[in-house]
Amino acid sequence: MSKSDKIIRQSKSNRFVHWASAISILMLIITGLGQLPLYGRYLLWQPFGTGWLTSYELTLWVHYIFASILIFTVFYHIVFHIIRKEYAILPKKGDMKASWQLIKAMILKKQEPPSEKYLPEQRLAYMLFAVAIAVLIVTGGIKVYQNLSGVNISNTMMVIVTLGHNLGTVLIIFAFIGHMAAFLFKENRKMLAGMFTGKVNKEYVKHRHSLWYKELKAQKNKKNKSVS
């Protein structure tokens, strides 16, 4: 397949944010469970190389490292897209209804309504991840602040913060499960290549993201006119 048969869907920046966030969140969940403590108390079989997960001190420091990576990634993501004024991933009015129509079309094997660069359910999933990550960062920051010398936050406040942190964790786990479940639909699997190579099939874009394809064509025509 030639380069002309491919369209860039995800830039290097988007792929960096996606994978840095995914790896950080996964490690935060793993190390967070280790601080309960879960592995040393309930894990009947200890897989090779995972003994460090039973150490509270080690899991805490690894947790801090990946929390720092996630915070940096979030900050970079926000600043980058504000500077470039790229907001295509943000939810829009009517996305709930449009998502249902799209899912129904996939289930019933009917023609899907025309879509932009991101499907309506992708925009909603993005917002769910954003809310969950924001809750985790804020509550996690308070928990770290509490550990500093001379800081004394009330027990009631720390209970609320801990509950919020746990809620954020549950939300992000459900968001992750939903994100992966989306690929049970064959139609969604063609998007996977975009998160690895950045490119997707041109025919796929024309068929499924027709509104975005029209935008790309308009941009190309405008660029050609300005050059000529």
Most fluctuating of ILE160, ILE133, ILE30 in the GNM of the chain (C-alpha, under 10 Å) is ILE160
Once both axes come from the Cα atoms, what is the angle between helix 56-84 and the longest principal axis of the chain, in degrees from 0 to 90, rounded to 10?
-> 30
The chain: calculated mean residue ellipticity at 222 nm from DSSP helix runs of at least 4, using -39500 (n - 2.57) = -22500 deg cm²/dmol
Once you have the Cα-Cα distance between LYS225 and THR54, take 0.36 nm times their residue separation minus that, and quote the gain in nm to one decimal.
-> 55.2 nm
Sparsely packed trypsin sites (Lys or Arg not before Pro) within region 35-118, loop by DSSP, other Cβ within 10 Å at most 11 | LYS85, LYS93, LYS109, LYS110
Surface accessible to a 1.4 Å probe, per residue, for the residues of the chain, Å² | 68
Anchor LYS110: lysines whose Cα lies under 18 Å away (excluding residues fewer than 8 positions away in-chain) | LYS97, LYS186, LYS190, LYS206
If one compares the long axis through the Cα atoms of helix 155-181 with the longest principal axis of the Cα atoms of the chain, the angle in degrees, nearest 10, works out at 40
For the chain, what's the relative contact order in percent, using C-alpha pairs closer than 8 Å and at least 6 residues apart?
-> 28
Please pull out the direction-averaged projected area of region 8-86, using the convex hull of its alpha-carbon atoms, in nm² to one decimal place.
-> 6.6
Against the longest principal axis of the chain, how steep is helix 210-227, in degrees 0 to 90 to the nearest 10, with axes from Cα atoms?
-> 70
How big is the Kirkwood radius of region 91-228, worked out from every pair of different alpha carbons and given in Å to one decimal?
-> 18.2
How many angstrom separate the Cα center of region 51-88 from the Cα center of region 5-32?
-> 11
Just the number, please: carbon plus sulfur as a percent of the accessible area of the chain, 1.4 Å probe, no ligands or DNA/RNA counted.
-> 69
Sites removed, the longest contiguous part of the chain containing no DSSP-loop chymotrypsin sites (Phe, Trp or Tyr not before Pro) with at most 16 other Cβ within 10 Å is 88-184
Work out the length of the dipole vector of region 146-228 about its Cα centre, built from +1 on the beta-carbon of each Lys and Arg and -1 on the beta-carbon of each Asp and Glu, and round it to the nearest 20 debye.
-> 960
Among LEU33, THR197, ILE8, the residue whose Cα sits farthest towards the positive end of the charge dipole of the chain, when +1 is placed on the Cβ of each Lys and Arg and -1 on the Cβ of each Asp and Glu, is ILE8
Nearest 20 debye, what's the magnitude of the dipole of region 24-139 about its Cα centre given +1 on Lys and Arg Cβ and -1 on Asp and Glu Cβ?
-> 520
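The values are calculated or read from the model by the stated rules, or taken from the named source; none is laboratory data. Worth saying up front: this structure is predicted, and the values here are computed from it rather than measured. With ideal geometry, Cβ positions are generated from the backbone for all residues, glycine too; neighbour counts draw on all protein chains shown. When the accessible area is computed, the model is the full protein with side chains, heavy atoms only, and any ligands, DNA or RNA have been set aside. Shrake-Rupley method; radii C 1.70, N 1.55, O 1.52, S 1.80 Å.
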